[in-house]
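Please read the structure below before turning to the comments.
The values are calculated or read from the model by the stated rules, or taken from the named source; none is laboratory data. Predicted model, so just to flag it, every value in this text is computed and none were measured. So basically every Cβ, Gly included, is an ideal-geometry build from the backbone, and we count neighbours across all protein chains shown.
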């Protein structure tokens, strides 16, 4: 994961803006490695950059939270799922 984060950082340093797919790849990898706190940090970062998390972003994060045994995903800043299509929100309800 260190290499992936380094590539992500280098992209930004070289004025390449990460897109939703790039962010989702990094978030998915962080989740698979149990780095939930870092995952949430990158999710916030993508929002600051104007990217809107999609259903895949949230699905990966929720999966990571479950595997890490977080008891309440909404306490992790996931209660606001604005930007998602209403039918996608329904599939991600608690």
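Give, as residue ranges, the helices (runs of 4 or more DSSP H) completely inside the chain that count at least 3 residues that are out of contact with any strand residue (DSSP E or B) (no Cβ under 6 Å at 6 or more places or on another chain), modelled with pLDDT under 90 and surrounded by fewer than 12 Cβ atoms within 10 Å (Cβ to Cβ).
Working: elements: 2-13, 20-32, 36-48, 55-67, 86-91.
Correct list: 2-13, 86-91.
Sub-7 Å Cβ pairs linking a first residue in the stretch 1-22 that is farther than 15 Å from residue 46 by Cα to a second residue that is surrounded by 12 or more Cβ atoms within 10 Å (Cβ to Cβ) and modelled with pLDDT of 85 or more, at least 6 apart or interchain, are 1/29; 1/30; 1/33; 1/35; 4/26; 4/29, ordered by first then second residue. Contact map, the stretch 31-52: residues that are under 18 Å from residue 11 (Cα atoms) paired with residues that are modelled with pLDDT of 90 or more and surrounded by fewer than 18 Cβ atoms within 10 Å (Cβ to Cβ), Cβ distance under 6 Å, separation 6+ or inter-chain. Pairs shown: 51/20.
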